Structure formats: structure tokens, C-alpha cells
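Everything on this sheet refers to the single structure shown next.
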Amino acid sequence: MRALLNGKILIGGRVREREVLIENGWIVKIGKRLNEEADLTLELGRRELAVPAPIDLHVHCRDPHPDYPFGFKTETRRFLLGGVATVVDMPNTRPAPTTPEAYYEKEKLARENAEIEVIVAGGVKDPHCTKKLIEAGTYVLGEVFLATSTDAPAIPWSTLPEIFKELPPDGPLIIFHPELDELVAEKPARNLYEHLKNRPPEAETAAVGLLAGLKARYPCRIHLSHVTLPESVKIAKGADITVDVTPHHLFFDVLRVDPEDPVFKVNPPLRGSHHRLRLLRAVRRGDVDVLASDHAPHTFEDEFEGIPSGVTGGEVILPAALTLHKRLGLPLRDAIAMITRRPAELLGRDDLGEIAVGKRARITVVRMREFVVRAEEFGEEDRKFPYDGMRMFGEPIKLIDGTKVYDLKESRREGKPVILEGE
């Protein structure tokens, strides 16, 4: 298929009036006037902007897992409805992909069921399994938990030096959940305040400090997910460790929500307003590398104490980034880079992350205006989705994913992908 995109396009961090020619899923030409024939021409409206399609560096599709009705099919469809074209799926599944055999089986499951590209992260169990996964071609490891969390036992931090010995400086990215088990209390929590008390800030900063110390001895590629504290960001940057933050930790805190609402029960927990506002300032300074959703689906089946931690939100990662641009004053190039170019660089994927000749044609068209997020448009009515009713900026309306072009507004109305062109 040959497709021609014409209008305002984010290229090299700047908005330009250009035409982009796509052929067989790849960007082959960019110019002011290409004078090329195409099977499909997309003329962008006055308030529409084409950006690289997002890469969500941290999601949990739950496949395979005997206890969840979710999987690659259900979750990647939701990501597609939000204009996301690539996700990295974490390994806390059953079985976990800690061996090459289990890893290949999970990759096969993703290929057969996912509606967008899923990069399967390998599970970290011990040095031997880690070495075998690297030999098998795994280029992302983790999420590695240093504290017990939902469906994820903690790995003893004392085993990390032997594991790090297997990781070359230019080897796989290893993703950590930075909370230290020794500082986390396993007590019942009836509300967000008690949950926060069980998982205090010190549990996070201690884990980050431990990893920073190990990075000085073992120069592997460490990445910290869903950090909640500006202190964590500062320690990580000083140790050449990359970090991501989630929209829910930037938009919500324990004083802005109902403390008894289990929707907002997450690990690490929502913090206080002073932590959230300082974390936002770290994002605006450019100290945070990536924005990632930590999309983790759960249904409501219990009271606060019995409901697992985790929320969904991968569907709105692009509007979340654009909302930071609009409301926080984060430059557009940086807001988009946090969900495109930077995760692509961390993954070593030079075919993704930018609209440029020679890159894969993964492009999302957004209407640059405010809109209201509706849970029912993403099939999130009965799940822990904290963004229902929230006003965000930048509504995804079309997705070019290789040889397919999706009408996202119509897809959300229908509850399934609606293809304008492609096969």
C-alpha cells in the first residue's frame, strides 16, 4: 500500500508542513511537494497534527495467566484505540518467561493475538537463566521487583551482583520496580493513607540508592520504572540510570482523590501533593527520560483491602503527554520524545520513534484540542481506570501502523478497530 500524509507533522522535534509518502509500511519520502500517486491520501485538518506513534515502555497484558480474563488481544486493542503502536510487556505472568522456552512461547502468543507490536520482556530469576535469555536474543529484562507486589514476588537484592555480571554494558535494558522489601510493611490497608504508610518514600529511595551503588560496579543498562519521588530521579541521574514516571503519579495524589477509592490503589503508591508537584518540576526540567503507563488491568471484586494494586491507562499515554505540554509548559518536542524517541533509543530500536525516511510508518494523528476521556470508549467501565471524566489535551483520531490506517474515533464508537485502508 502507498499512502500520502499531508499537513502539520512533527519532524525532528519541530512542527512542519510536509508530505510523507509511505510504501509497504515504511516511510520512503518526506518533502513539501512530492507529486506522488498514492492508494490513500490523508489531508490533515487545521487543528490536526501527526506525531510518531507512542511506545509504552511498561505494560502488563496478563498473558499468559490463569487468573485473569485479560490478555494480548484485549489489552492491545485498547492501546490501539488510543493510537499506541508498540508496547513492552512485563514478565510477571504464569508461567513467567524466565527461560528461552517460556520466552519464545510468550512471544508466539503475542504474535498470534496482539493487534499491535508487543515486545516481550524476559523474566529475571537467577544468573543462569539471565545468561540463557540474553543468548536467546532478549533485549529487555524485567520488571525486576525488589519488593513484593501484585503477582510479583521480590527477588533478593543480594542476588543482583551475580545477575549484573551477566549483563554487558551494551546488553539488554533491565527494568526495576524500585521499592525495597525490607522497608515495605505487609499490613492490611483500608485506604490510600494506610497503603502509603505501608510503602513509604524510604522504600523507594533505598532501592534507588542500592541500584546506583551497584551501577558503579557493574556498568549495565539499568532503568527504573514508575518513580514517584524527585529524590529518586536525582539519585538515578547521578548514577547514569534512566527513569520513567507514570501519568497517574503526575496527575493524582492522596489529597486530590477519595482516599477510600480503590481505583487509586497502586504500587508504588500515590504520594502527597508536595512529592507530586516536585516530580512535575523534574519532568519540566527534562530530568525524567520516559513517560510510561504501567497499564495493569484489574476488575472490581472486593473492598479496598482485597483489591490488587494497579490501574489501566495505556490508552491515554499520548493525551497524557500532550496534557503535560499544554498545562505544564513542557516543550512539545520533549513531551512527544518521552513516549517515542527516548523509549525507542532505550530499546535499541532505530526503526521506531521518529517520522523520518527509513523508519517504520507508525504515525498517530491527534486533534490538538481538549477532550473528555470516557471509560466506555476504551472498554474500561468495570476496571480500575482513573482517567474517566478527566479533561485531557490531544485526542488521537487516526493511526497509521505499517500497511493499515485506522479511524480511531470510529473504532472507539464500535469498540473494535475500524480500518480505513490496508490489510
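The values are calculated or read from the model by the stated rules, or taken from the named source; none is laboratory data. Just so it is clear, the model here is predicted, and its values are computed rather than measured. Neighbour counts are summed over all protein chains in view; Cβ atoms, including those assigned to glycine, are modelled from backbone coordinates with ideal geometry. Please note that ligands, DNA and RNA were not included when accessible areas were found on the heavy atoms of the full protein model with its side chains. Shrake-Rupley method; radii C 1.70, N 1.55, O 1.52, S 1.80 Å.
For E380, the test of being out of contact with any Pro (no Cβ under 7 Å at 6 or more places or on another chain) and over 30 Å from D240 (Cβ atoms) is passed. The residues in segment 277-298 that are in a loop (DSSP other than H, G, I, E, B) and either over 22 Å from H177 (Cβ atoms) or in contact with a Leu (Cβ under 6 Å, 6 or more places away or on another chain) (or both) can be counted, and the count is 2.
Only one entry in I155, I175 is of a type outside the set (G, A, S), out of contact with any helix residue (DSSP H, G or I) (no Cβ under 7 Å at 6 or more places or on another chain) and assigned to a strand (DSSP E or B), namely I175. The residues on offer are E301, E204, and the sole one that is farther than 19 Å from L173 by Cβ and in a helix (DSSP H, G or I) is E204.
Conditions (1) touching a residue at least 60 places away in the same chain (Cβ under 8 Å); (2) closer than 17 Å to T150 by Cβ, marked per residue:
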| site | (1), (2) |
| --- | --- |
| P230 | no, no |
| K237 | no, no |
| I241 | no, no |
| L255 | no, no |
| E260 | yes, no |
| I307 | yes, yes |
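If you check E166, E186, E202 for being modelled with pLDDT under 95, out of contact with any Asp or Glu (no Cβ under 9 Å at 6 or more places or on another chain) and open to solvent by 30 Å² or more (accessible area, probe 1.4 Å), only one passes: E186. Taking the criterion of being farther than 9 Å from P127 by Cα and touching a Leu at 6+ places or on another chain (Cβ under 7 Å), the residues of segment 162-173 that qualify are P172, L173. The number of residues in segment 384-418 that are open to solvent by 10 Å² or more (accessible area, probe 1.4 Å), among the hydrophobic types (A, V, I, L, M, F, W, C) and assigned to a strand (DSSP E or B) comes to 1. When L291, L277, L324, L330 are screened for being over 18 Å from the mean Cα position of the chain (by Cα), within 17 Å of T246 (Cβ to Cβ), open to solvent by less than 10 Å² (accessible area, probe 1.4 Å) and modelled with pLDDT of 95 or more, only L330 passes. Is it the case, given these coordinates, that E381 is in contact with a helix residue (DSSP H, G or I) (Cβ under 6 Å, 6 or more places away or on another chain), modelled with pLDDT under 95, open to solvent by 40 Å² or more (accessible area, probe 1.4 Å) and assigned to a loop (DSSP other than H, G, I, E, B)? Answer is yes for this residue. In segment 77-102, the qualifying residues are those that are among the charged types (D, E, K, R) and open to solvent by 20 Å² or more (accessible area, probe 1.4 Å), and the one that is nearest to R221 (Cα to Cα) is E101.
When residues in segment 103-134 are screened for being free of Cβ contacts under 8 Å to residues at least 40 places away in the same chain, part of a helix (DSSP H, G or I) and surrounded by 21 or more Cβ atoms within 10 Å (Cβ to Cβ), 4 of them pass.
Residues of segment 1-56 that are within 25 Å of the chain's Cα centre (by Cα) and of a type in the set (D, E): E48, D56.
Filtered by the rule that a residue be surrounded by 18 or more Cβ atoms within 10 Å (Cβ to Cβ), farther than 16 Å from E182 by Cα and of a type in the set (G, A, S), segment 135-160 gives a lone residue, G142.
Scanning segment 353-376 for residues that are open to solvent by 10 Å² or more (accessible area, probe 1.4 Å) and of a type in the set (A, V, I, L, M, F, W, C) turns up A356, V357, M368, F371, V372.
Only one of the listed residues (L4, L10, L21, L44) is over 22 Å from I419 (Cβ atoms), open to solvent by less than 60 Å² (accessible area, probe 1.4 Å) and modelled with pLDDT of 95 or more. That residue is L10.
Looking only at segment 72-86, residues that are part of a loop (DSSP other than H, G, I, E, B) and either of a type in the set (S, T, Y) or at positive phi (or both) come to 1 in all. Checking each residue in segment 267-279 for being aliphatic (A, V, I, L, M) and either in contact with a Phe, Trp or Tyr (Cβ under 9 Å, 6 or more places away or on another chain) or in contact (Cβ under 8 Å) with a residue 60 or more places away in the chain (or both) picks out only L270. Within segment 233-274, work out how many residues are under 26 Å from R341 (Cα atoms), in a loop (DSSP other than H, G, I, E, B) and open to solvent by 30 Å² or more (accessible area, probe 1.4 Å). Going through segment 233-274 one residue at a time, the tally reaches 1.
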